[in-house]
Amino acid sequence: MDRMDDTLIDVPRGLTNVVAARTALGDVRGHEGFYHYRQYSAVDLARERTFEEAWYLLLFGALPDAGELDTFRGRIRAARAVPDAVRSLLPAIARLTADGDALAGLRMALAAVAAADGVRPLYDEEPAQRLEDAIRVAAVTPVLLAALHALAAGREPLQPRDDLGHVAGYLYLVTGRVPTEREERALSAYMTAAIDHGFNASTFTARVIASTGADLASAVGGALGALSGPLHGGAPARALDTLDEIGTPDRTDEWVRHTLSDGGRVMGFGHAVYRTEDPRSRMLRGFAEGFGGPRVEFAVQVERRVQELLAELKPGRELHTNVEFYAGVVMELCGIPRSMFTPTFAAARVVGWTAHILEQAADGKILRPSSRYVGPAAPEPLPARMPAVS
């Protein structure tokens, strides 16, 4: 509902539980441990359908039939080509960002692709062109990420293969080998589960920028900036670092007690929304156990003991395993290096961002909140200018 007066409304810090927009794309029901994309459970989609099917669902509102899916995959293949002018820039971008923010290079590369494509502001585009922009940005993102990763390691980027699906093709570009069926299914499940998750910081950022009528790539660039923050997108690698620091199951108690006594956080546990086990974590644990091996057995042991310790040391807090804990394990098992964990998340979430951008652009209302001023009382008379010291 639009308000016509200028009365300020105080809301909780962080805008917690504040409804900032309406969406038909999905929802997170944290107390139930459930979230969905449109009318379907996101976890069911991740387990039973392909990444491209979930992508189609968000864009078009229904799951595709076989013919529609084949056509959509053709649109994705056509949209992932990197312009020659941008390809020549990638080595310099990789050098500039090799030791910094893993997503900084993607922000530069996407801006260059948008410039090369002549992308116009959303405000000036018809819905059909906005949709083309959305598919273009989401399709080219994993290609750019893999190319920058290869160049930073001193290798020539591989070219996308038309015989591989979106997830298998991404794994091939990153690892240099065609993935096994188990690897493709596990990573597809993770990436599908990561497509969207409510009005998180990066999604909200994308919608704010889209509400101004800016071009779609700029809105995605803003979302990437939000995702680069350690409180948002860096947790899978940090959760895997936890396993490395613990080392062996018998050291779990000592490590957790020491970490908490020093005011630290046990990465991979607790969530801002869920008050139950994160449904994504439960699903990914199953995919990890499908691989088997000492690493997975160790992760399961640590998960169980850490939850027992958190219940003892943080009574009354609902600190269950979240998606990041097993996401890192699954990505490692699929051959993705730790430096590519957050970029892989971005390669999935860009589909959700672009769907939200399209929805916000169709709304046409600029997001323009207010702030409550708490500084010195104003106005005060300006003090006399001090004479210059000679």
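If you add up the charges near LEU69, with Lys and Arg at +1 and Asp and Glu at -1, over every other residue whose beta carbon is less than 9 angstrom from its beta carbon, what do you get? Mind dumping the intermediate values first?
Details: positive: ARG73; negative: GLU52, GLU53, ASP65, GLU68, ASP70.
Summing Lys/Arg as +1 and Asp/Glu as -1 gives -4.
Farthest toward the dipole's positive end in the stretch 1-149, which of ALA116, TYR40, LEU8, given Cβ charges of +1 (Lys, Arg) and -1 (Asp, Glu) about the Cα centre?
Final value for the positive-end residue is ALA116.
Okay, helix-only estimate at 222 nm for the chain: each DSSP H run of n ≥ 4 adds -39500 (n - 2.57), divide by all residues, round to 500 deg cm²/dmol; what do you get?
Values: 17 runs with 218 residues, N = 390.
Computed ellipticity for the chain at 222 nm equals -17500 deg cm²/dmol.
Report the relative contact order of the stretch 122-206, percent, no decimals, based on alpha-carbon pairs under 8 angstrom and at least 6 residues apart. Write down the numbers at each step before the final one.
On the way: 40 pairs, mean separation 15.1, N = 85.
Averaging sequence separation for qualifying contacts and normalising by length gives 18 percent for the stretch 122-206.
Using per-residue counts of other Cβ atoms within 10 Å, averaged over each peptide, order 248-258, 221-231 from highest down. Mind showing how you got there, number by number?
Numbers: 248-258: 14.2, 221-231: 19.6.
The most tightly packed comes first, giving 221-231, 248-258.
Counting Lys and Arg as +1 and Asp and Glu as -1, each charge on the Cβ, what is the dipole of the stretch 59-132 about the Cα centre in debye, to the nearest 20? Intermediate values should be presented prior to the final figure.
On the way: 9 positive and 11 negative charges, 57 e Å.
The calculation lands at about 280 debye.
Check every DSSP H run in the chain and write down those whose alpha carbon atoms cover 30 angstrom or more along the long axis and whose mean Kyte-Doolittle hydropathy is 0.5 or greater.
Working: long enough: 127-152 (37 Å, 0.92); 341-363 (33 Å, 0.43).
For the chain, where a helix must reach 30 Å along its axis and average at least 0.5, the hits are 127-152.
If packing is taken as the average number of other Cβ atoms within 10 Å across a peptide's residues, how do 19-27, 75-83 rank, most packed first?
Values: 19-27: 14.3, 75-83: 17.0.
The packing order, highest mean first, is 75-83, 19-27.
Using a simple charge model, +1 on the beta-carbon of Lys and Arg, -1 on the beta-carbon of Asp and Glu, nothing else, what dipole does the stretch 1-101 show about its Cα centre, in debye to the nearest 20? Can you show the working numbers first?
Details: 13 positive and 16 negative charges, 73 e Å.
I would put it at about 360 debye.
Which of the peptides 107-117, 191-201 is most tightly packed, and how do the rest follow, going by the mean number of other Cβ atoms within 10 Å of each residue?
With the highest mean Cβ count within 10 Å placed first, the list reads 191-201, 107-117.
Just so you know, all these numbers are worked out from the coordinates, no wet-lab data involved. Predicted model only: the values in this text are computed from it and were never measured. Methodologically, a virtual Cβ is constructed for each residue, glycine included, from the backbone with ideal geometry; neighbour enumeration extends over all protein chains shown.
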